[in-house]
Amino acid sequence: MIDTLPLTGFRLRLRSGEPLAPRTTWRIGGPARFFAEVDDVAALAALLGWARAERLPAIPLGKGSNVLVPDEGLDAVVFALSGELAEVSIETPLVRAGGGASLMSLAVTARNAGLSGTERLSGIPSSVGGAVRINAGAYGIEIFDLLEEVTVVSRVGEIRVVPAGTIPHGYRWSALCEGDDVVAAARLRLRPAGREEIDASLAEVREKRKKALPVKPNAGSVFKNPPGDHAGRLLEACGLKGLRVGGAEVSERHANVIVNSGGATAADVRQLMARMRDAVRDRFGVDLLPEVEDLGRFVTNRGDHRSVESPR
């Protein structure tokens, strides 16, 4: 029997058997053994320490994009950052954002304060913490281009403030991917700008994403762009648009996006990703690396489960 008494008095809400599919942009996946909403750094430190003591993986979910939850569910403590950890505050020209804040709320709060820089990131359906972890980017900018410092919490509950310049990072990757620290907050440096200029940039991004991405449930790009090329171009050249496995389908609008056309399972997505990867390898000799993070290693029933290999 797992003892939750050590979490008493902290600002968090813990539930068991929480369905995760509604919390992901793919609308795919089974339940979590435990799900927690965490409101401040002290509660996050306590939760991570408790999970470690109980020998349970602790997995931040963010906004549920860029992630594949297994059909069997997660034998883990899945958590979302809320309350103080989802707030955005202005310290002109700096902006402080909790790890649970969305990139859109970050951009809107900055816009209201007359600060520019986050507009091109605004359409990414990610939390700030998730974006920092993988150095998310769009339209020629990455979040590390703006980042000043990151507040992280370790699995033993240690809280540290780390200068962004000391964190190795690159395309869709940072050293945070290799460790267990959780991004609790980030501070970004922006530039003053007029409201009309910022609004125009936000509108441009909104229109670009509207034209590029399908409306059916999806997780955005499933593969990283290989050096000097685009995964979408290679996949489209292989004639993969419309390819389907079960309820998972390669989007007719964007060949590097898999949509849930209805009833798709994680197994469908994995099989379709494998076919896409193999087609590009066979035709072009290019090995595509997944951008989507597969959480299959935390399945409740291990069985013979296999996943597309991931660098994270």
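The values are calculated or read from the model by the stated rules, or taken from the named source; none is laboratory data. A quick note: this is a predicted structure, and the numbers were derived from the prediction, not measured. Cβ: placed from backbone, ideal geometry, glycine included. Neighbour counts: every protein chain shown.
Can you find, within segment 283-296, the residue that is surrounded by the most Cβ atoms within 10 Å (Cβ to Cβ) among those that are in contact with a strand residue (DSSP E or B) (Cβ under 9 Å, 6 or more places away or on another chain) and acidic (Asp, Glu)?
Only one residue tops the list, namely GLU291.
Which of the residues spanning segment 156-180 are of a type outside the set (Asp, Glu), within 19 Å of the chain's Cα centre (by Cα) and part of a loop (DSSP other than H, G, I, E, B)?
Within segment 156-180, ILE167, PRO168, TYR171, ARG172, GLY179 qualify.
Only residues that are within 20 Å of SER102 (Cβ to Cβ) and either surrounded by fewer than 19 Cβ atoms within 10 Å (Cβ to Cβ) or in contact with a Lys or Arg (Cβ under 8 Å, 6 or more places away or on another chain) (or both): list them for segment 28-42, please.
Answer for segment 28-42, where residues must be within 20 Å of SER102 (Cβ to Cβ) and either surrounded by fewer than 19 Cβ atoms within 10 Å (Cβ to Cβ) or in contact with a Lys or Arg (Cβ under 8 Å, 6 or more places away or on another chain) (or both): PHE35, ALA36, GLU37, VAL38, ASP39, ASP40.
Taking strands (runs of 3 or more DSSP E) that fall entirely within segment 189-282, which contain at least 1 residues that are surrounded by 17 or more Cβ atoms within 10 Å (Cβ to Cβ) and modelled with pLDDT under 95?
Output list reads 218-221.
Applying the selection to segment 1-33, what residues are modelled with pLDDT of 95 or more and touching a helix residue (DSSP H, G or I) at 6+ places or on another chain (Cβ under 8 Å)?
LEU7, PHE10, ARG11, LEU12, LEU14, TRP26, ARG27, ILE28, GLY29, GLY30
Within the bounds of segment 57-79, is there any residue that is assigned to a helix (DSSP H, G or I) and among the acidic types (Asp, Glu)?
Scanning segment 57-79 turns up no residue that is assigned to a helix (DSSP H, G or I) and among the acidic types (Asp, Glu).
In segment 245-266, how many are under 20 Å from the mean Cα position of the chain (by Cα) and over 21 Å from LEU213 (Cβ atoms)?
Final tally of qualifying residues: 1.
Say we look at segment 83-118 and pick out the residues that are assigned to a helix (DSSP H, G or I) and more than 18 Å from the chain's Cα centre (by Cα); which of these is nearest to VAL222 (Cα to Cα)?
VAL108
Working only within segment 164-190, note down all residues that are within 13 Å of GLU148 (Cβ to Cβ) and touching a residue at least 60 places away in the same chain (Cβ under 8 Å).
ALA185, ALA186, ARG187, LEU188, ARG189, LEU190
Looking only at segment 2-56, how many residues end up being of a type outside the set (D, E, K, R) and in a loop (DSSP other than H, G, I, E, B)?
Residues meeting the conditions: 13.
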